[in-house]
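Some notes on the structure that comes next.
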């Protein structure tokens, strides 16, 4: 409702008729008052949440850091988490809108500015960041409180203005029934406000459309790649061919005079060419003569790395878990099993290659990007440019995918952009904005991969086919070692991210051990969507499947018998099996085809996912994943359609790695460069997918990652069911 | 100096623009049409898909020198046909996008498909869309949205709605002179 119309309406309310009557009539007529009217001009008291893009109309009511109500009745939710596809710009506003009883059409979204006090991840302490599938889980109470508090203030203001009991005020679908006033902002900010009972939810658990679909379907959504600023220059960097290799010398003259080229500057990890546009910068970068110091840099090959991992696996590692005596139990078992697994390095390969825009002024630095670790990047940029963190503003834009790549404790490409801006300042170009653009090749070769791993598993079955012992050894680089996360995530020599999914194996096995070797390799590594579970789910879920088959048991029934103490796993597994028709035979294929069905269940980030995959294998061993039935237990599904989308996408993302993807090194050089030699899943290989959500009243857990790790073992188990062959080296290739 | 049309606006390219400049970067850096995305630079991902005389093309591998005088380039910003609108409506209805970076290209490829085939089969969809990578793997919804749009178009046709052609849309804008330096791009 337009406030310009609303104010006169109030002003001309006939004095002979009590306001209450008037308002009741208005309410009865279905009119009511928009939320906007309750703050009038009380703008000064706003705790404005800093500089953000697409700010609401001037004036308005901002009861807290997460919410602004504009004079145009827009409800702007300030989202502290990066939107990289996982739905934060829909999910968190849903919480506010529900508690506030706003109309969904009123809702707008802004990315929060970097701030480790107001916008920190509540699970991480004083750091703003998005990762570990925590966005919804850590915000669920906070954003509901924000909405509920604003609602209470509006109701209090209305009650006061109209001298009616607050209990008689109603807010529904963005309209306040009863009362008016101009002093909501003067209301005391309530403390712990009662939030709704689940039965009163109007949006949570229902269908709410994504707030970003339209802009993303018509090309108007702004990514870092799209930032335009007056005088903007573009930088493309010549990176060393090997990790850690240093520049020996470079010849600026080799590109001087090329069209558009402005500057050539050395940065910590190479030499940047700065030009007026991308194509000029890229061509000049390609032409630039750089000599690299051959005495520096990592010179390993993938084969050597795996050979060393295998050697290490013959010796005990650091114990990560030790219950009972697994070694002795397996020794004395009626039947013994062992298997070894190899996992390659993986690139995130987000659709938007890494990039960052920086403008450095004398007392201020402004950054435009879409990053998962906002305040860590802020501090890193401040250090590079010689300012304080609070002098660095971060404009959070959409990220064109990330999958963990834009959550780098080393802030690699962000500080590269800052270093270029800093270098420009030293040549008299302070205040000139620069956009660092990595080409796809730069992106693929830049490291920070999912580490390569080698696993060995041993188990024993007794005479009755009970699992009596389980030994799991993992060899692979630590992700958090040497980063600020080390203090928090490495305990007793164990990097939690290396063993997650293995140490919390849910199956009731009396003797169980997990140990870990974390060799230093020199290849930069990083979390990759679902982190440790990307490999532990595969080794554990294919190995347990192998034991089930050896025991002569149905793979679902075998798992269920071992999951009695894990009702959430059980619920997901049973739902997936039921919806997949597990108890019915799988339809046969053509005469020269083999078909198979496999199951896997795994917990990551407190969410349990079970998947049943159906595959068809042709006579040459080539196979296709036909159908996947997925069940997810994530507590309250705040937005069920987003949950489904994340499961669908997670399955597709996991399938890329299962079927094709691998980064390999030869003499330290990365052998892949683009999508032709680092294949990823395309539409013709995408299976039909059904997603089912376990009904729950538990608090929500994350859904961005947990769909990923389950698909590879489900497919491998289906292939084993079809052919009898167990594939233990990824990617799967042919059977 | 090649002259062509982008979203019906005449574009005159200055001689100073290198002839190997890909159309993608002319669009993004010179014309500020940033809806068309850079993803791979070698026609492997489809994020840069535009229409050239109505046919889908990967603008990252179309050098200026290969653009014939008078051709009509349509980008996501200029997608105003009935088919294009139906595709975008279906994309919104089914909430196809996740990160969204590839979706301009997906929409352009899907629109080109439906302009050719009113009722595409799954195999048609695979053939037309396999060149467009989505790392978020929104493929299930892309397929469903194409079918949704196809259905909506058939329904609209049955109801007597007229296919909206580009010529029906915005009046032709004045030409633009594209110089080699985007900081000094000039609108003629």
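Could you tell me whether residue A:317 is surrounded by 16 or more Cβ atoms within 10 Å (Cβ to Cβ) and assigned by TED's automatic domain parsing to the domain that holds residue A:492? Lay out the reasoning, then the answer.
Numbers: surrounded by 16 or more Cβ atoms within 10 Å (Cβ to Cβ): yes; assigned by TED's automatic domain parsing to the domain that holds residue A:492: yes.
Answer is yes for this residue.
Listed here are the residues, each with its yes/no results for (1) closer than 30 Å to residue A:328 by Cβ; (2) surrounded by fewer than 21 Cβ atoms within 10 Å (Cβ to Cβ).
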| residue | (1), (2) |
| --- | --- |
| A:443 | no, no |
| A:450 | no, no |
| A:456 | yes, yes |
| A:461 | yes, yes |
| A:466 | yes, yes |
| A:472 | yes, no |
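Which of the residues spanning segment A:231-246 are more than 14 Å from chain B (Cβ to nearest Cβ) and either free of Cβ contacts under 8 Å to residues at least 12 places away in the same chain or closer than 26 Å to residue A:432 by Cα (or both)?
A:237, A:238, A:239 - these are the residues of segment A:231-246 that are more than 14 Å from chain B (Cβ to nearest Cβ) and either free of Cβ contacts under 8 Å to residues at least 12 places away in the same chain or closer than 26 Å to residue A:432 by Cα (or both).
If only one of A:88, A:94 is buried (at least 21 other Cβ atoms within 10 Å of the Cβ), touching a helix residue (DSSP H, G or I) at 6+ places or on another chain (Cβ under 6 Å), in contact (Cβ under 8 Å) with a residue 24 or more places away in the chain and closer than 26 Å to residue A:634 by Cα, which one is it?
Result of the check over A:88, A:94: A:88.
All but one of (1) under 26 Å from residue A:350 (Cα atoms); (2) buried (at least 24 other Cβ atoms within 10 Å of the Cβ) hold for residue B:112, so report the exception by its number.
Result: residue B:112 fails condition (2) only.
Give me a count of the residues in segment B:12-26 that are farther than 21 Å from residue A:226 by Cα and part of a strand (DSSP E or B).
Selection size over segment B:12-26: 2.
Could you tell me which of the residues A:584, A:553 is assigned by TED's automatic domain parsing to the domain that holds residue A:708, in contact with a helix residue (DSSP H, G or I) (Cβ under 9 Å, 6 or more places away or on another chain) and surrounded by fewer than 20 Cβ atoms within 10 Å (Cβ to Cβ)?
A:553
So which residues in segment A:423-449 are away from chain B (no Cβ under 14 Å) and under 24 Å from residue A:483 (Cα atoms), if there are any at all?
Scanning segment A:423-449 gives A:446, A:447, A:448, A:449.
Is it the case, given these coordinates, that residue B:73 is touching a helix residue (DSSP H, G or I) at 6+ places or on another chain (Cβ under 8 Å), in a helix (DSSP H, G or I) and either outside the structural domain of residue B:36 (by TED's automatic domain parsing) or modelled with pLDDT of 95 or more (or both)?
No: the conditions fail for residue B:73.
Within segment B:20-53, can you find the residues that are farther than 22 Å from residue A:215 by Cα, more than 9 Å from chain A (Cβ to nearest Cβ) and either touching a helix residue (DSSP H, G or I) at 6+ places or on another chain (Cβ under 6 Å) or surrounded by 22 or more Cβ atoms within 10 Å (Cβ to Cβ) (or both)?
B:23, B:43
Does residue A:556 satisfy the condition of being in contact (Cβ under 8 Å) with a residue 40 or more places away in the chain, in a strand (DSSP E or B) and in contact with a strand residue (DSSP E or B) (Cβ under 9 Å, 6 or more places away or on another chain)?
No: the conditions fail for residue A:556.
Which residue is farthest from residue A:346 (Cα to Cα), if the candidates are limited to segment A:627-658 and must be within 12 Å of another protein chain (Cβ to nearest Cβ) and outside any helix (DSSP H, G or I)?
Result: A:639.
Which condition number does residue A:373 fail, the rest of (1) under 30 Å from residue A:135 (Cα atoms); (2) buried (at least 24 other Cβ atoms within 10 Å of the Cβ); (3) outside the structural domain of residue A:420 (by TED's automatic domain parsing) being met?
Every condition holds for residue A:373 apart from (3).
Which condition number does residue A:228 fail, the rest of (1) touching a strand residue (DSSP E or B) at 6+ places or on another chain (Cβ under 6 Å); (2) at the interface with chain B (Cβ under 7 Å from one of its Cβ atoms) being met?
Result: residue A:228 fails condition (1) only.
Please indicate, with yes or no, whether at least one residue in segment A:659-682 is surrounded by 21 or more Cβ atoms within 10 Å (Cβ to Cβ), more than 8 Å from chain B (Cβ to nearest Cβ) and in a helix (DSSP H, G or I).
yes
Suppose we filter segment B:58-93 for residues that are in contact (Cβ under 8 Å) with a residue 12 or more places away in the chain and within 27 Å of residue A:675 (Cα to Cα); how many remain?
17
In this structure, does residue A:731 turn out to be in contact (Cβ under 8 Å) with a residue 12 or more places away in the chain and either within 14 Å of chain B (Cβ to nearest Cβ) or in contact with a strand residue (DSSP E or B) (Cβ under 6 Å, 6 or more places away or on another chain) (or both)?
Criteria not met by residue A:731.
Run down A:367, A:357, A:384 and say which single residue is more than 23 Å from residue A:531 (Cα to Cα), touching a residue at least 40 places away in the same chain (Cβ under 8 Å), more than 14 Å from every other protein chain (Cβ to nearest Cβ) and touching a helix residue (DSSP H, G or I) at 6+ places or on another chain (Cβ under 8 Å). Can you show your working first?
On the way: A:357 fails: more than 14 Å from every other protein chain (Cβ to nearest Cβ); A:384 fails: touching a residue at least 40 places away in the same chain (Cβ under 8 Å).
Only one candidate passes the filter, namely A:367.
Can you find a residue that is in contact (Cβ under 8 Å) with a residue 60 or more places away in the chain, buried (at least 24 other Cβ atoms within 10 Å of the Cβ), within 14 Å of chain B (Cβ to nearest Cβ) and touching a strand residue (DSSP E or B) at 6+ places or on another chain (Cβ under 9 Å) anywhere in segment A:612-623?
Taking every residue of segment A:612-623 in turn, none turns out to be in contact (Cβ under 8 Å) with a residue 60 or more places away in the chain, buried (at least 24 other Cβ atoms within 10 Å of the Cβ), within 14 Å of chain B (Cβ to nearest Cβ) and touching a strand residue (DSSP E or B) at 6+ places or on another chain (Cβ under 9 Å).
Exactly one of these conditions fails for residue B:8: (1) without any contact (Cβ under 8 Å) to a residue 60 or more places away in the chain; (2) more than 26 Å from residue A:675 (Cβ to Cβ). Give me its number.
(1)
Every residue in segment A:208-225 that is touching a helix residue (DSSP H, G or I) at 6+ places or on another chain (Cβ under 9 Å) and either more than 7 Å from chain B (Cβ to nearest Cβ) or assigned to a loop (DSSP other than H, G, I, E, B) (or both), please.
Answer for segment A:208-225, where residues must be touching a helix residue (DSSP H, G or I) at 6+ places or on another chain (Cβ under 9 Å) and either more than 7 Å from chain B (Cβ to nearest Cβ) or assigned to a loop (DSSP other than H, G, I, E, B) (or both): A:208, A:209, A:210, A:211, A:212, A:218, A:219, A:220, A:221, A:222.
The values are calculated or read from the model by the stated rules, or taken from the named source; none is laboratory data. Small disclaimer: the values here were computed from a predicted structure and weren't measured. Because the Cβ atoms are built from the backbone with ideal geometry, glycine has one as well, and the counts that use them run over all protein chains shown.
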